Amino acid sequence: MKNKRVIYFDCFSGISGDMILGAFVSLGVALKEIQKGLKCLNVKGYKINSRQVKRN
């Protein structure tokens with residue numbers, strides 16, 4: 001990672017993993033970088049798919 005940045009989450013009523021990952025992608029974080037970071041957690045049994053959707 002070239003530039004390190006910090007994001008603070010104010011999760012007073014919970015937080016959704018899929019929406020966080022979607023927000024990261026919307027901010028320009030490459031999906032490969034997200035996958036690379038998740039591999040560091042050593043958690044098995046998950047799968048990541050991406051697709052662009054339009055919500056009204």
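Answer with a single label: of [x] 19, 13, 11; [y] 45, 13, 5; [z] 18, 16, 15, which was calculated as semi-axes √(5λ) of the Cα gyration tensor in Å from the structure in view? Computed from the coordinates, semi-axes √(5λ) of the Cα gyration tensor in Å corresponds to [z]. Non-local lysine pairs in the stretch 11-56, meaning eight or more places apart or on different chains, with alpha-carbon distances under 15 Å, amount to 4. Here the calculated FRET efficiency for LYS39 and SER16, from their Cβ-Cβ distance with R0 = 22 Å, stands at 0.55, rounded to the nearest 0.05.
Read-outs throughout are calculated quantities, based only on the coordinates presented, and are distinct from any laboratory measurement. Not measured: the values here are computed from a predicted model. Here the Cβ is made from the backbone with ideal geometry for all residues, glycine too, and neighbour counts use every protein chain on show.
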